[in-house]
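See structure below.
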Amino acid sequence: MASLLLRQRRVSALGVSRILQAVNGDSFRLQPESNCRTFATFGVIIRNYSSGKGTAKLDFTDLTRPHTWYLNARKKQRKVFLHVGPTNSGKTYHALKRLESSSSGVYCGPLRLLAWEVAERLNKARVPCDLITGQEKDEVDGAKHKAVTVEMADVTSDYECAVIDEIQMLGCKTRGFSFTRALLGIAADELHLCGDAAAVPLIQELLKVTGDDVQVRSYERLLPLVPLEVPLGSFSNIRTGDCIVSFSRKGIYKLKKKIETGGKHLCSVVYGSLPPETRTRQARMFNDASSEFDVLVASDAIGMGLNLNISRIIFSTMKKFDGLERRDLTLPEVKQIAGRAGRYGSKYPMGEVTCLDAEDLPLLHSSLKSASPTLQQAGIFPSFDFIYMYSRLQQKRGLYQILEDFLENAKLSENYFFANCEEMLKVAAVIDELPLSLQDKYLFCISPVDMDDEISSQGLTQFAENYAKKGLVRLKEIFSPGSLQVPKTHSALKELESIHKVLELYVWLSFRLDESFPDHELASSQKAICSMLIEEFLERLGFQNPTSRKLNSLMAKKRRQYL
């Protein structure tokens, strides 16, 4: 299947690993650009760095005062409300009620699923709301509200009210800088921050220099969460409303098969590499009381972004592989996942949590009794403006070396850390040999590509090569519409998930380079087919009955609409 998608299977003549080890800095000479917005922005920043005698200190590596980058926000004395508490405590509900009653506003969520959910909620409440994520833009006539993924937050507009969900993610090593940008940069009269109490001291410290009025509102769980004293033991003890958690695709499908072969339950599945549309449909089947899919098998992807009617969380293990090592779950990870049991408004009066094996219970119990560690630093990352101005001093170097040197020499205050940009550097190493402008290279570097996924990285490479050669990238040059099929094996499923990532990447690029990536509609329709085919695989995987066969028939009929 992958060969039909990617007709040329190569990264470059050198290969990624060799490029990463030795970048040829003379392979590309930066082209001078005229960027009015860049110079306008830096005119202000330069003034902020001026001495009392008016002598400008042009140090573009000085990132110690990031609050000064956002002029619109600094013109306001914002009222900042910190809504903090555990999962299922109603903190986000109260913030969204204020957003709903405001004359204009924006919701910033960590996941597309949350942005979708909030946009749907506001539109149902007759508050016109646009949906804007990296992959879609659904505008509603007369809308003065937006629901966006946090990376898409607009720091140039004024709002009466803004909500940033899961604000503790500003401490995330990879995405924290987007939450920091939203925190410091959104120009709203009222800014509502929802998340864990562990973020409160850091946020208060960061906002000391902004002049904002900060108030903390604490919440308790609406339903009790009860850690059980006994493990699940046998899979015969699985019951309706259970969610069993695993941290690998292989583990999730193994558990699904074990549960379904018992003949009593059908399982929905949710994990990170599933397309968001598929995750949403799987969650809805589980939540639907009339559905036969009454048990959920999931990864830590349920930790945020999905409202699920879970009665009991069962950890199949208390360890996960984080890309470097197999380690114990952290305290925040345990609490975030366990807290999904006992959703307010569901049919379950309380949430329960346990483990598959007795040996894991001590870590579960100790984690739930402990307070989350206080966040010490917020993530930060330089915008293109900083990289561009710094590059003017490094004109014979590629983006890889410019980024590497900038990050090595940049200065931060003690409240901030640099976000992990390993993925960006991998992309820069691959595309530095192409005759692209610095801005185009930067755009490819911040795209949602998974460079550890061979098919995804090949897709980006071919998009960048075609764009550099012709300035026009047609999807059919690397993709054959009509070639997608329901996967028959787990390896074929993984390939289809990777193909979905490539199509999603094309859609992302088409929003930013629409004339050069004109096949937006084709990529979107094929992406939808991908998610449906994956869902058909999920329905066929385990125990089958007439109802699930009927569902497969409906899915096939819906898929034909896109062909």
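Here are the numbers for the structure shown:
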{"read-out": "Selection count, the stretch 184-233, where residues are in contact with a Cys (Cβ under 6 Å, 6 or more places away or on another chain) and charged (D, E, K, R)", "value": "1"}
{"read-out": "Residues of the stretch 334-351 classified as among the small types (Gly, Ala, Ser) and either at pLDDT below 90 or closer than 14 Å to THR92 by Cβ (or both), total", "value": "3"}
{"read-out": "Elements of type strands (runs of 3 or more DSSP E) contained in the stretch 107-210, each with 1 or more residues being within 27 Å of ARG65 (Cβ to Cβ) and either open to solvent by less than 10 Å² (accessible area, probe 1.4 Å) or charged (D, E, K, R) (or both)", "value": "145-149, 158-164, 187-195"}
{"read-out": "Residues satisfying the stated conditions in the stretch 249-280, i.e. under 22 Å from CYS530 (Cα atoms), at pLDDT 90 or above and either of a type in the set (Val, Ile, Thr) or open to solvent by 40 Å² or more (accessible area, probe 1.4 Å) (or both)", "value": "ILE252, VAL269, VAL270"}
{"read-out": "Residue tally, condition among the aliphatic types (A, V, I, L, M), open to solvent by 30 Å² or more (accessible area, probe 1.4 Å) and within 24 Å of ALA198 (Cα to Cα), over the stretch 320-349", "value": "1"}
{"read-out": "Residue count, the stretch 505-526 (criterion: under 21 Å from the mean Cα position of the chain (by Cα) and either open to solvent by 30 Å² or more (accessible area, probe 1.4 Å) or over 23 Å from VAL427 (Cα atoms) (or both))", "value": "3"}
{"read-out": "Members of the stretch 84-106 found to be over 23 Å from GLY351 (Cβ atoms) and assigned to a loop (DSSP other than H, G, I, E, B), listed by number", "value": "SER102, SER103, SER104"}
{"read-out": "Positions within the stretch 455-495 being closer than 14 Å to PRO275 by Cβ and over 20 Å from the mean Cα position of the chain (by Cα), in sequence order", "value": "LEU484, PRO487, LEU493, GLU495"}
{"read-out": "The stretch 353-378: number of residues that are of a type in the set (A, V, I, L, M) and open to solvent by 50 Å² or more (accessible area, probe 1.4 Å)", "value": "3"}
{"read-out": "Unique match (being among the basic types (Lys, Arg) and assigned to a helix (DSSP H, G or I)) among LYS335, LYS347", "value": "LYS335"}
{"read-out": "Flag for ASP242 being touching a His at 6+ places or on another chain (Cβ under 9 Å) and of a type in the set (Asp, Glu)", "value": "yes"}
{"read-out": "Within the stretch 296-319, tally of residues that are over 23 Å from TYR348 (Cβ atoms) and surrounded by fewer than 19 Cβ atoms within 10 Å (Cβ to Cβ)", "value": "2"}
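Residue by residue, here is whether (1) in contact with a Lys or Arg (Cβ under 9 Å, 6 or more places away or on another chain); (2) under 25 Å from ALA429 (Cβ atoms); (3) charged (D, E, K, R) holds:
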position	(1), (2), (3)
SER456	yes, yes, no
LEU460	no, yes, no
PHE463	no, yes, no
LYS469	no, yes, yes
SER483	no, no, no
LEU493	yes, no, no
SER498	no, yes, no
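The values are calculated or read from the model by the stated rules, or taken from the named source; none is laboratory data. Bear in mind that the values here come from a model prediction, so they are computed numbers and not experimental data. Backbone-built Cβ (ideal geometry, glycine too); neighbour counts: all protein chains shown. SASA here: full protein model, heavy atoms, side chains in, ligands and nucleic acids out. Shrake-Rupley method; radii C 1.70, N 1.55, O 1.52, S 1.80 Å.
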